[in-house]
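All remarks here apply to the structure that follows.
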């Protein structure tokens, strides 16, 4: 501005200086503020200056410019008596807006720190709960397994033992029958090309036979319990054939493999009758021990699993509704997290108000100065209490819409 005055001719320079005097000091003030904000210093000091003083300084510059420019309009402005109080009240609103800006910034920082502490506490509690659950997991799993073991239900232990015994017995008989079956197939086919397929097929076949043997015993026991005599006779006949087949082709081979050792220990010559007798006694003894140990409990789940039917025990019906299982340990922390998220969403608008309203107070005060300079009236009623009080643009334009003046009736001439 000083350089602009220097370009004015000498006769008019003094009058120009007097005319521009109300505005001449404002650029110097702006230069001082520029040097103040961009002066080198610690990072925390620079951040504090820009955070707490930049917007108030911009408001002050806007207020000074509008106030000083309004001095040039006092001579020809209508309603000067109302304009001056309006300008003074606008300055009062500006001072109050600056104060509310500082208070709002401190309130926002405090609320943000409080929410950060609350969220950090929640995360710490969740991590501690996870560590505690991991540390107590062996004891919890042991307790649940013990509780489920002593609670009536599916006898999984007997079922697993039965399957394991069938697999083991099928492996033993496959080993003892393998030479005989291989020799028989070689004589029938005339080669050894089928030897590598004989083992898996023989093992699978024997596994099904042994499981079927337990199923026959279970069916016979069920018929005896229900006293269905006709069905009992049929199942006894079937069981005799099953015993004959297993004794002749399975247990006899096992006894033949043990015959040299038995003859050496006892000195008795092992004939066919003795071999068959030992095989029959072995079948009855093994089937009896395995049946009374786990077969009678594991066979019903096996049959139910194969037939895909639920187990029904008429003598000991299971209760319709059991005790409710305790909820998983992670459900409560997840529910708390959902509540925290809902609370965060509910408080999101409040946080936005805390952050935006202080800046909007400054901007609204600066706009009020401009509108007082142009239209001699304020636009916003300060201070804002919440975000809903910030008027939208079209509402502002509607309030500033000037109604056309009514025309005076013209006098008629005679």
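The values are calculated or read from the model by the stated rules, or taken from the named source; none is laboratory data. Computed from a predicted model, the values in this text were never measured in an experiment. So basically every Cβ, Gly included, is an ideal-geometry build from the backbone, and we count neighbours across all protein chains shown.
Here is a yes/no grid of residues against (1) modelled with pLDDT under 60; (2) more than 23 Å from residue 61 (Cβ to Cβ); (3) more than 39 Å from the chain's Cα centre (by Cα):
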site	(1), (2), (3)
329	yes, yes, no
332	no, yes, no
350	no, yes, no
353	no, yes, no
365	no, no, yes
370	no, no, yes
376	no, no, yes
398	no, yes, yes
405	yes, yes, yes
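Within this structure, residue 286 fails the test of being under 27 Å from residue 206 (Cβ atoms), modelled with pLDDT under 80 and surrounded by 13 or more Cβ atoms within 10 Å (Cβ to Cβ).
Entry remark, the stretch 70-83: residues being over 18 Å from residue 380 (Cα atoms), part of a helix (DSSP H, G or I) and out of contact with any helix residue (DSSP H, G or I) (no Cβ under 6 Å at 6 or more places or on another chain) number 2 in total.
Every residue, every condition in (1) in a helix (DSSP H, G or I); (2) modelled with pLDDT of 85 or more, yes or no:
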{"site": "5", "(1), (2)": "yes, no"}
{"site": "8", "(1), (2)": "no, no"}
{"site": "14", "(1), (2)": "yes, no"}
{"site": "22", "(1), (2)": "yes, no"}
{"site": "30", "(1), (2)": "yes, no"}
{"site": "46", "(1), (2)": "yes, no"}
{"site": "49", "(1), (2)": "yes, no"}
{"site": "57", "(1), (2)": "yes, yes"}
{"site": "62", "(1), (2)": "yes, yes"}
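Would it be correct to say that residue 142 is surrounded by fewer than 12 Cβ atoms within 10 Å (Cβ to Cβ), at pLDDT below 80 and under 30 Å from the mean Cα position of the chain (by Cα)? It is true that residue 142 is surrounded by fewer than 12 Cβ atoms within 10 Å (Cβ to Cβ), at pLDDT below 80 and under 30 Å from the mean Cα position of the chain (by Cα). The conditions of being over 18 Å from residue 301 (Cβ atoms) and modelled with pLDDT of 85 or more are met by residue 170.
If you go through the stretch 26-54 and keep only what is more than 23 Å from residue 106 (Cβ to Cβ) and either surrounded by 13 or more Cβ atoms within 10 Å (Cβ to Cβ) or in contact (Cβ under 8 Å) with a residue 24 or more places away in the chain (or both), you end up with 26, 27, 29, 30. All of (1) under 26 Å from residue 287 (Cα atoms); (2) modelled with pLDDT of 85 or more; (3) within 48 Å of the chain's Cα centre (by Cα) hold for residue 149 with one exception: (2). Check whether at least one residue in the stretch 98-108 is within 27 Å of the chain's Cα centre (by Cα), in a helix (DSSP H, G or I) and at pLDDT 80 or above, and report yes or no. No: the stretch 98-108 contains no residue that is within 27 Å of the chain's Cα centre (by Cα), in a helix (DSSP H, G or I) and at pLDDT 80 or above.
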